[in-house]
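Values in this text are rule-based calculations from the coordinates and carry no lab data. Only a predicted model underlies this, so the values are computations on that prediction, with no experimental measurement involved. Cβ: placed from backbone, ideal geometry, glycine included. Neighbour counts: every protein chain shown.
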Amino acid sequence: MENTALLIIDVQNDYFPGGKMTLEGAEKAGRNAKDILNYFRKNNLPVVHIMHISANEGATFFLPDTPGMEISSWVSPKSDEKVIVKHFPNSFRETDLRQYLQLKKIKNLVITGMMTDVCVESTTRAAFDFGFTNTIIGDATATRDRELNGQVIKAAEVQRSFLAGISALGNLYARIVSTNDFLHGK
C-alpha cells in the first residue's frame, strides 16, 4: 500500500434515499466505502474526499449550501483528510487533486464513489492518463437507471457495463475488486 491513496468521490447526501438524485444501491456502496475508509484510517494511509458542488445553471442536485451537497455521514472527513471541491465529473478538472497527489508522492489510487458511469469513470480514466495505477472497489460505487433511445437500461446493467469497460484490456484503466477481496488482500 506504499504510495497509495483512497479517493472517495461524491458520496454525498443527495445520492441517498430522500436525496434529490437517489442512486440504486447507494446505501450498500456507502457502507462499503466506509469499510474501505476505515481500513485506510487504521493503516494511516492518505484519504482524499471529493465533493461535487453544482455550479451550472439548471442543476437540480448538489446545490450550494444545501444538506444534499454535504458529504454523507457514512464517510465524513476528519480534519486531517483532504477535501477537494469540484464542479465537473472529472475530479482532476480545475482542482488541485493532481498536484496534491504528486506532493504526497502517490502513484496508486483506490477509488470508491458515485456515480460509477459519470464521476468515478471520468476520474479513473483521467488518473490513468496522468500515470496513476487504479483500483476501483466495485461494490463501493453506485449509479442509477439510464435511458438510451427511449429504452431504460437498469442500474445493475449500467454498473456492470461501466466496470467491465474500465477494466477491459487487462485492467487497462483500473482493476476492479470487491470490498471483501480488497480488505482480505486479494
Going down the table (Lys20/Lys186; Lys28/Lys104; Lys82/Lys107), which pairs top 28 Å between alpha carbons? Lys20/Lys186; Lys28/Lys104
Per-residue ellipticity at 222 nm for the chain, helices alone: DSSP H runs ≥ 4 residues times -39500 (n - 2.57), over residue total, nearest 500 deg cm²/dmol? -8000 deg cm²/dmol
Could you compute how fast region 30-101 diffuses translationally, taking Rh as the Kirkwood radius over C-alpha pairs and applying Stokes-Einstein at 4 °C with viscosity 1.567 mPa s? Give it in µm² per second. 96
Relative contact order (%) - region 48-186, alpha-carbon pairs under 8 angstrom, separation at least six: 18
Filtered GluC sites (Glu not before Pro), region 69-148: DSSP coil and at most 13 other beta carbons within 10 Å: Glu94
Highest GNM mean-square fluctuation among Leu169, Leu37, Leu63, for the chain with Cα springs under 10 Å, belongs to Leu169
Tell me, how many Å apart are the Cα centres for region 18-75 and for region 84-143? 14
